[in-house]
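Visitor: The following block contains the structure, expressed as structure tokens.
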Amino acid sequence: MISKRLADKINEQLNFELESGYIYKGMEAFFGNEGLTGFQHFMKLQAEEEYAHHDKFANFLYETGNKVEYTAIPEVKNEYKCPKEVMQVAYEHEQEVTKRIKELYEIALEEKDYVALTTLDWFLHEQIEEEDTFRGIMDRFALLGEANTTLYWIDKELGHRE
Ligand code: FEO
């Protein structure tokens, strides 16, 4: 059994994972509407990852005898200035997720909750990958600019995400 304080914070985070997925669905729609099918595919998979993160947190609560409760998800943004802006927003969003996972980790540490720490450990590692993915795309924009040829090549590359 984990503390109510930690269970509540994890419940908050699983709702935030759904919110993250929804944000990425909005980005997927933006790219789909722009005809950038590689970016669109990439964001579709990104949203699915967030839903998988939600599932992992929800299962953790169920398996430790806690309740899962859903809250309202804020309205999602569908319009962006350009593809680079979308990726910048996504990168900053992932940094926010990392901050939140670290806060959960600190609570679990404080409470010496070694069971919760093992799950949170997985999420900390996952966040290294999540941030690195978006930083990598921002690096390409920094290196190549935002010309149509750049978009073409990045779109092609992102379309191969598995
Ligand atoms: Fe659930 Fe992208 O972190």
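Visitor: Would it be correct to say that THR64 is polar (S, T, N, Q), surrounded by 14 or more Cβ atoms within 10 Å (Cβ to Cβ), closer than 28 Å to LEU151 by Cβ and modelled with pLDDT of 95 or more?
Guide: Numbers: polar (S, T, N, Q): yes; surrounded by 14 or more Cβ atoms within 10 Å (Cβ to Cβ): yes; closer than 28 Å to LEU151 by Cβ: no; modelled with pLDDT of 95 or more: yes.
No: the conditions fail for THR64.
Visitor: Right, here's the next one. For VAL76, indicate whether it is surrounded by fewer than 19 Cβ atoms within 10 Å (Cβ to Cβ), of a type in the set (A, V, I, L, M), at pLDDT 95 or above and under 17 Å from the mean Cα position of the chain (by Cα).
Guide: Considered against the rule, which asks whether it is surrounded by fewer than 19 Cβ atoms within 10 Å (Cβ to Cβ), of a type in the set (A, V, I, L, M), at pLDDT 95 or above and under 17 Å from the mean Cα position of the chain (by Cα), VAL76 comes out as yes.
Visitor: List the number of the failed condition for GLU49; all other conditions in (1) open to solvent by less than 30 Å² (accessible area, probe 1.4 Å); (2) within 16 Å of the ligand (Cβ to nearest atom); (3) under 30 Å from THR150 (Cα atoms) hold.
Guide: (1)
Visitor: Can you name the residue in the range 90-114 that is of a type in the set (A, V, I, L, M, F, W, C) and in contact (Cβ under 8 Å) with a residue 60 or more places away in the chain and is also nearest to TYR22 (Cα to Cα) among such residues?
Guide: ALA90
Visitor: A further question follows. Only one of (1) touching a residue at least 60 places away in the same chain (Cβ under 8 Å); (2) more than 13 Å from the chain's Cα centre (by Cα) is not met by PHE123, so which one is it?
Guide: For PHE123, the exception is condition (2).
Visitor: Taking LEU151, is it open to solvent by 90 Å² or more (accessible area, probe 1.4 Å) and either assigned to a helix (DSSP H, G or I) or more than 16 Å from the ligand (Cβ to nearest atom) (or both)?
Guide: No: the conditions fail for LEU151.
Visitor: Among the residues of the range 111-130, which ones are over 22 Å from GLU63 (Cβ atoms) and either in contact with a strand residue (DSSP E or B) (Cβ under 7 Å, 6 or more places away or on another chain) or open to solvent by 30 Å² or more (accessible area, probe 1.4 Å) (or both)?
Guide: Residues satisfying the conditions are ILE128, GLU129.
Visitor: So, of the residues in the range 136-148 that are in a helix (DSSP H, G or I) and either in contact (Cβ under 8 Å) with a residue 60 or more places away in the chain or exposed (fewer than 14 other Cβ atoms within 10 Å of the Cβ) (or both), which turns out to be farthest from the ligand (Cβ to nearest atom)? Let's see the steps before the verdict.
Guide: Quick first cut of the range 136-148, residues in a helix (DSSP H, G or I) only: 136-144, 148.
When the remaining residues are screened for being either in contact (Cβ under 8 Å) with a residue 60 or more places away in the chain or exposed (fewer than 14 other Cβ atoms within 10 Å of the Cβ) (or both), the result is 136, 139, 142-144, 148.
Details: GLY136: 14, ASP139: 18, ALA142: 21, LEU143: 24, LEU144: 25, ASN148: 29 Å.
Across the range 136-148, the extreme among qualifying residues is ASN148.
Visitor: Listed residues GLU94, GLU50; which is among the acidic types (Asp, Glu), closer than 21 Å to ARG135 by Cβ and in contact with a Ser or Thr (Cβ under 7 Å, 6 or more places away or on another chain)?
Guide: Of the residues listed, the single one that is among the acidic types (Asp, Glu), closer than 21 Å to ARG135 by Cβ and in contact with a Ser or Thr (Cβ under 7 Å, 6 or more places away or on another chain) is GLU50.
Visitor: Checking GLU75 against (1) more than 16 Å from the ligand (Cβ to nearest atom); (2) closer than 20 Å to ALA7 by Cα, only one condition comes out false. Which one?
Guide: All conditions are met except number (2).
The values are calculated or read from the model by the stated rules, or taken from the named source; none is laboratory data. Quantities reported herein were computed from a predicted structural model and do not represent experimental measurements. Neighbour counts are summed over all protein chains in view; Cβ atoms, including those assigned to glycine, are modelled from backbone coordinates with ideal geometry. SASA here: full protein model, heavy atoms, side chains in, ligands and nucleic acids out. Shrake-Rupley method; radii C 1.70, N 1.55, O 1.52, S 1.80 Å.
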